[in-house]
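What follows is a set of notes on a single structure, which appears directly below.
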Amino acid sequence: MLDWRDQQRAVKFVSHGNAAQPLNPEEFMITEIVTFSIPDGMSREEVIASFEGNAGNWKANPDLIRKNYLVDIDSRTAGGVYLWNSRADGERWHGEEFRQRILSKFGNEPRSQYFETPIVVDNVADEIVKA
């Protein structure tokens, strides 16, 4: 497995015996799943156009490792899956301004769930990344 220090966005580690340990729990990679409802009358194409309109902003985000956009038109649910260096990064970028932007565009506030992400399998890069 590749140590996360070998990746472009490094997390600080200290060595304890044979295992690398994070300096504190906030420094684990974090997956955040954000969902919100798609308003009645908004088409799949309109949702995707909205995503395309802001993808460049997320690409330029220095704290974001990866983002996947989600849409399920049958359940009228959309959102994103974000991989962050820390939960603090996700909470900072998904603060009041972000929440108001989703509320304005989609008519409801986003819901966030956070998960520690100890391992990422990346088949495109042919890597297994360990936090």
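At a glance:
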item	result
Of the criteria (1) assigned to a helix (DSSP H, G or I); (2) exposed (fewer than 14 other Cβ atoms within 10 Å of the Cβ); (3) not hydroxyl-bearing (S, T, Y), which one Q113 fails	(1)
Qualifying positions in segment 67-110 - more than 16 Å from S50 (Cα to Cα), charged (D, E, K, R) and out of contact with any helix residue (DSSP H, G or I) (no Cβ under 7 Å at 6 or more places or on another chain)	D74, D89, E91, R92, E96, E97
Per-region count, segment 91-100, residues surrounded by 13 or more Cβ atoms within 10 Å (Cβ to Cβ) and more than 16 Å from L64 (Cβ to Cβ)	1
Selection within segment 84-130 - more than 17 Å from the chain's Cα centre (by Cα) and of a type in the set (A, V, I, L, M)	L103, V124, A125, I128
Residue match in segment 99-111 (condition: of a type in the set (A, V, I, L, M), under 30 Å from D40 (Cβ atoms) and out of contact with any Leu (no Cβ under 9 Å at 6 or more places or on another chain))	yes
Test result for A88, among the small types (G, A, S) and either surrounded by fewer than 16 Cβ atoms within 10 Å (Cβ to Cβ) or more than 22 Å from F28 (Cβ to Cβ) (or both)	yes
Lone qualifier among R92, R111 - being of a type outside the set (D, E), over 23 Å from I38 (Cα atoms) and at pLDDT 95 or above	R92
Residue among A78, A60, A131 that alone is of a type in the set (A, V, I, L, M, F, W, C) and surrounded by fewer than 16 Cβ atoms within 10 Å (Cβ to Cβ)	A60
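Residue-by-condition table, conditions (1) touching a residue at least 12 places away in the same chain (Cβ under 8 Å); (2) out of contact with any Gly (no Cβ under 9 Å at 6 or more places or on another chain); (3) of a type in the set (F, W, Y); (4) on the phi > 0 side of the Ramachandran plot:
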| position | (1), (2), (3), (4) |
| --- | --- |
| T77 | yes, yes, no, no |
| R87 | yes, yes, no, no |
| E91 | no, yes, no, no |
| R99 | no, yes, no, no |
| P110 | yes, no, no, no |
| N123 | no, yes, no, no |
| I128 | yes, yes, no, no |
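The rows are residues; the columns are (1) assigned to a strand (DSSP E or B); (2) under 18 Å from the mean Cα position of the chain (by Cα); (3) at pLDDT below 95.
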{"residue": "Q21", "(1), (2), (3)": "yes, no, yes"}
{"residue": "E32", "(1), (2), (3)": "yes, yes, no"}
{"residue": "T35", "(1), (2), (3)": "yes, yes, no"}
{"residue": "M42", "(1), (2), (3)": "no, no, no"}
{"residue": "E45", "(1), (2), (3)": "no, no, no"}
{"residue": "G79", "(1), (2), (3)": "yes, yes, no"}
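The values are calculated or read from the model by the stated rules, or taken from the named source; none is laboratory data. As the structure is a prediction and not an experimental result, all values here were calculated from the model. Virtual Cβ from ideal backbone geometry, glycine too; neighbours counted across all protein chains shown.
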